[in-house]
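Contents: one structure, followed by commentary.
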Amino acid sequence: MSNTPDFPRFHALVPCAGTGSRAGTAQPKQYQMLLGQPMVMHTLMALAGVPQLSSAWVILSPGDDFSWPQERWPAHFRREACGGATRAASVFNGLTAMLQAGLSAQDWVLVHDAARCLITPDAVSHLIEACGGDDVGGLLALPLPDTLKSQTHFTTGSRGPRVASTVPREDKWLAQTPQMFRLGALYAALAEAANTDFAGITDESSAMERLGLSPRLVPGSVHNLKVTYPADFAFAEMVLKGRT
């Protein structure tokens, strides 16, 4: 298929420069071993199974000295040591590298967390099919299933946080990844936010929202969690074992 505005290509971008301090691991959490290989390799193997993806870019810290396995490394994936101090900076630097390499601004980029190792090729393909004809793009997300509480500020003698109020959940969603937007449009959105060191940018959708755009919400899966805390590793391993 030719690469034209009518037939854009799809690329993944995986920010992989974080330290994962909440995970309690001695090394960056994306390199923690799960079922005999680094967690990030489970993520990349899932993306490698998405037939629509023309390439994937793994954005590393400039000082990354991890010894990457070469046996199963997909030929159309590449690593770029241009990560920044924050996730948003890493994504912005990655998009810059993609454009400098000649990728079209009209191509779609799917930004996916390295620590969401339970993503499936089918889920990514579903997002592509749902958003490929959208004017803005979109993201995988889940309607909030639980009652949501806001907390009070800590006070002397409070013995921890206390409930301040119950927040209506009817229109609330939990954002996941991948998040899929036109490469040039996402670059422009993050370039504008770069002037304030990406203040308030918690994901790619939030950058697009700042421009007055409304990304599409595509139902995801409860299994597509971001491994964050020590207990999450055991859950991820259990799910991965169930797939073998």
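The values are calculated or read from the model by the stated rules, or taken from the named source; none is laboratory data. Here the structure is a predicted model, which means the values were calculated and not measured. Quick reminder, even Gly has a Cβ in these numbers, built from the backbone with ideal geometry, and neighbours come from all protein chains shown.
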Open item on the list: Of everything in the stretch 66-96, what is more than 22 Å from ASP203 (Cβ to Cβ) and touching a Ser or Thr at 6+ places or on another chain (Cβ under 6 Å)? Give them in sequence order.
Closed with: HIS76
Task: Where a residue in the stretch 34-63 is farther than 20 Å from LEU118 by Cβ and modelled with pLDDT under 95 and its partner, wherever it lies, is among the charged types (D, E, K, R) and crowded, with 18+ Cβ neighbours inside 10 Å, with Cβ under 8 Å and at least six apart - done: none
TODO: Give the residues of the stretch 134-146 that are of a type outside the set (A, V, I, L, M, F, W, C) and over 15 Å from LEU110 (Cβ atoms), sorted by residue number.
DONE: ASP135, PRO143, PRO145, ASP146
- [ ] Could you grab me the full set of residues in the stretch 122-175 that are of a type in the set (Val, Ile, Thr) and closer than 19 Å to ASP203 by Cα?
- [x] VAL124, ILE128, VAL136
Open item on the list: Kindly evaluate ALA85 against the criterion of being at pLDDT 95 or above and closer than 20 Å to PHE198 by Cβ.
Closed with: no
- [ ] Quick one: in the stretch 96-148, of everything that is in a strand (DSSP E or B) and in contact with a helix residue (DSSP H, G or I) (Cβ under 6 Å, 6 or more places away or on another chain), which residue is surrounded by the fewest Cβ atoms within 10 Å (Cβ to Cβ)?
- [x] GLY138
Open item on the list: Which count do you get for residues in the stretch 173-225 that are farther than 19 Å from ALA114 by Cβ, among the aliphatic types (A, V, I, L, M), touching a residue at least 24 places away in the same chain (Cβ under 8 Å) and assigned to a loop (DSSP other than H, G, I, E, B)?
Closed with: 2
TODO: Search the stretch 86-112 for residues that are over 23 Å from ALA123 (Cα atoms) and pair each with any residue that is surrounded by fewer than 16 Cβ atoms within 10 Å (Cβ to Cβ) and not hydrophobic (A, V, I, L, M, F, W, C) when their beta-carbon atoms are under 7 Å apart and the residues are at least 6 apart or on different chains.
DONE: SER104/ASN3
